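**Student:** The structure is given below, and queries will be raised subsequently.
Where a number appears in this text, it was derived from the coordinates with a stated rule and is not lab data. None of the values given here were measured: they were computed from a predicted structure. With ideal geometry, Cβ positions are generated from the backbone for all residues, glycine too; neighbour counts draw on all protein chains shown.
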Amino acid sequence: MKQESSNSHQIYLYVAWVVALVATLGSLYFSEIKGFIPCDLCWYQRIIMYPLVLILGIGTFQNDVSAKKFALPLAVIGWFISTYHYLVQKVPGFAEIKPCVSGVPCNAQYINWLGFITIPFLAWTAFTLIIISLLILTIKQRKQ
């Protein structure tokens, strides 16, 4: 029974890793294939997401659910950054008054699918799914 319980917990770590991997590949697609230049806030989100692929991947394939203690704080930080970035894009007056001096302004929207799906929204969705997966894993472990 212990092995079955461990395997059922492992699926949540696997889901979190797949989400981080897809998000990373998506960000690379947008920048390297589509040619979208990341703004400063996009870079911060990448700085958080890319290590999650390694941390969650190692945890998944080493069958080590303790990786969540490193991944969850990163995902929460990334979630706050992507939430702020989405607000900068979608809420008038929320963006800084001064123009972005390092290139692309953070309120630029390369994509706007269905009127609300932008790149920060995609990152927010990924961070949310990772957080949910890791929280479910934590809850299930505590019930054990």
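**Student:** Angle check, please: helix 40-61 long axis (alpha carbons) against the longest principal axis of the chain (alpha carbons), in degrees 0 to 90, nearest 10.
**Tutor:** 20 degrees
**Student:** Using θ = phi - 60° and the Karplus curve 6.51 cos²θ - 1.76 cosθ + 1.60, what whole-Hz ³J(HN,Hα) does each residue of the stretch 139-144 get, with Gly and Pro shown as x?
**Tutor:** Karplus-based 3J(HN,Hα) across the stretch 139-144 equals 4, 5, 5, 5, 6, 5 Hz.
**Student:** What dipole magnitude, in Debye to the nearest 20, does the chain give about its Cα centre under +1 on Lys/Arg Cβ and -1 on Asp/Glu Cβ?
**Tutor:** The dipole of the chain has a size of about 380 debye.
**Student:** Starting from the amide H of I117, placed 1.01 Å from N in the peptide plane, find each other amide H under 5 Å away whose residue is 5 or more places distant or on another chain.
**Tutor:** Counting only residues 5 or more places away or on other chains, the set is empty.
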